[in-house]
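The values are calculated or read from the model by the stated rules, or taken from the named source; none is laboratory data. If you're wondering where the values come from, they're calculated on a predicted model, not measured in any experiment. Here the Cβ positions follow ideal geometry from the backbone for every residue, glycine too, while neighbour counts run over all protein chains shown. Ligands, DNA and RNA are stripped out before the accessible areas are found, and what is left, the full protein with its side chains, is counted by its heavy atoms. Shrake-Rupley method; radii C 1.70, N 1.55, O 1.52, S 1.80 Å.
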Amino acid sequence: RYNFQMKQSKWFVIVNPTSGSGKGKKHWSNIEQLLRSTGIDFEVAFSQRRAHCIELATQAVAEGYRHIIGVGGDGTANEIINGIFAQSDVPTQSITFALVPVGTGNDWIRTHGIPAHYKKAILLIKTGKTQLQDIGLVQYTDMETGEQRERHFLNVAGMGYDAYVTHASMKRSRWLTDKLFYLYLILSCTLSYKTKRARVTFNGQTVEEDWYSMAMGICRYNGGGAQFVPHAIPDDGLLALTLIKKVSAWEVVKNSRRFYNGRITDNEKVSTFQTDSILVEASEGAEPTWVEVDGEFLGQTPVRFSIFPQALQIIVP
């Protein structure tokens with residue numbers, strides 16, 4: 001009992017050594033020294049495989065930890081969040097999450113103004129200032145088995161072209177800087193991507209189109225700093241929805257700067273909404289549309305999105 005109570009005030013650190021093309025492993029000794037010199041009391045565990053952070057986070061909560069630090073990027077944060085939400089022993093609002101960013105995109109931290117440099121991020125953790133953030137849930141279809149699965153997310157989900165790019169990014173070496181890498185993917189995938197016709201139901205209405213891309217956001221940034229959901233607010237209990245109708249390859253190239261400057265809605269084929277639930281289904285006779293969340297490719301339609309308002313404490317400036 002004493003050990004259990006002690007763990008409630010102690011941090012549990014989950015390190016993804018492969019995050020950021022090995023930055024997690026490369027910088028861990030410096031990060032560990034900074035954590036100790038800052039006076040942060042912690043225990044540490046290293047992920048050893050894909051989805052292992054989910055298991056480690058669930059186990060940490062079961063053992064009594066209520067403060068969890070992730071050392072990694074958006075994918076690491078996503079796995080830890082899913083571990084926290086996999087348990088039902090304690091309310092998720094009673095758990096505090098912080099990220100020491102060493103990933104490739106580091107998109108989630110941008111909305112909150114969390115420093116990208118790990119030294120400043122650790123100093124921020126020491127201050128202990130928190131706010132509640134919404135967490136999303138996506139229920140999707142496994143492409144191989146056809147089974148229904150679910151995944152939580154804390155940043156942005158994408159469907160159509162966005163998921164196609166995410167799927168492609170899993171197969172290509174990252175020999176460019178983060179922003180240039182994502183821009184390269186956008187341009188290289190443009191010629192090979194084919195739009196899918198789908199029905200999107202939200203706010204009591206259904207719209208059916210050949211969609212180029214769809215984004216469902218809690219926070220604003222994804223894809224290495226792009227803003228496909230510039231209207232997202234992380235604690236308003238709503239998903240920011242952006243729908244992009246079929247566009248030509250030239251229109252994508254011509255408007256690529258708007259992906260990053262928050263003016264994507266200037267294009268007449270782009271519409272934005274806010275809602276608390278979304279259902280996406282393939283139109284009759286159409287191929288399924290793919291889905292990704294927080295830069296992690298998942299599966300395909302039918303896909304249902306919902307939201308848990310102010311469901312997790314996060315460390316913020």
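If we keep just the residues of segment 281-307 that are among the charged types (D, E, K, R) and in a strand (DSSP E or B), which is least open to solvent (accessible area, probe 1.4 Å)? Checking each candidate, the answer is 292.
Please state which one of 9, 29 is within 17 Å of residue 313 (Cβ to Cβ), modelled with pLDDT under 95 and among the polar types (S, T, N, Q).
Working: 29 fails: within 17 Å of residue 313 (Cβ to Cβ).
That would be 9, the only listed residue that is within 17 Å of residue 313 (Cβ to Cβ), modelled with pLDDT under 95 and among the polar types (S, T, N, Q).
Only one of the numbered conditions (1) open to solvent by 20 Å² or more (accessible area, probe 1.4 Å); (2) modelled with pLDDT of 95 or more; (3) out of contact with any Lys or Arg (no Cβ under 8 Å at 6 or more places or on another chain) is not met by residue 106, and that is (2).
Condition (residue is open to solvent by 50 Å² or more (accessible area, probe 1.4 Å) and of a type in the set (Ser, Thr, Tyr)) applied to segment 195-208: is it met by at least one residue? Give the derivation first.
Keep residues of segment 195-208 that are open to solvent by 50 Å² or more (accessible area, probe 1.4 Å), which gives 197, 199, 203-206, 208.
Imposing the further condition that a residue be of a type in the set (Ser, Thr, Tyr) reduces the set to 206.
Yes, segment 195-208 contains at least one residue that is open to solvent by 50 Å² or more (accessible area, probe 1.4 Å) and of a type in the set (Ser, Thr, Tyr).
Residue by residue through segment 60-88, note down the ones that are buried (at least 16 other Cβ atoms within 10 Å of the Cβ) and farther than 19 Å from residue 150 by Cβ. Across segment 60-88, the qualifying residues are 60, 64, 65, 66, 67, 68, 69, 70, 71, 72, 73, 76.
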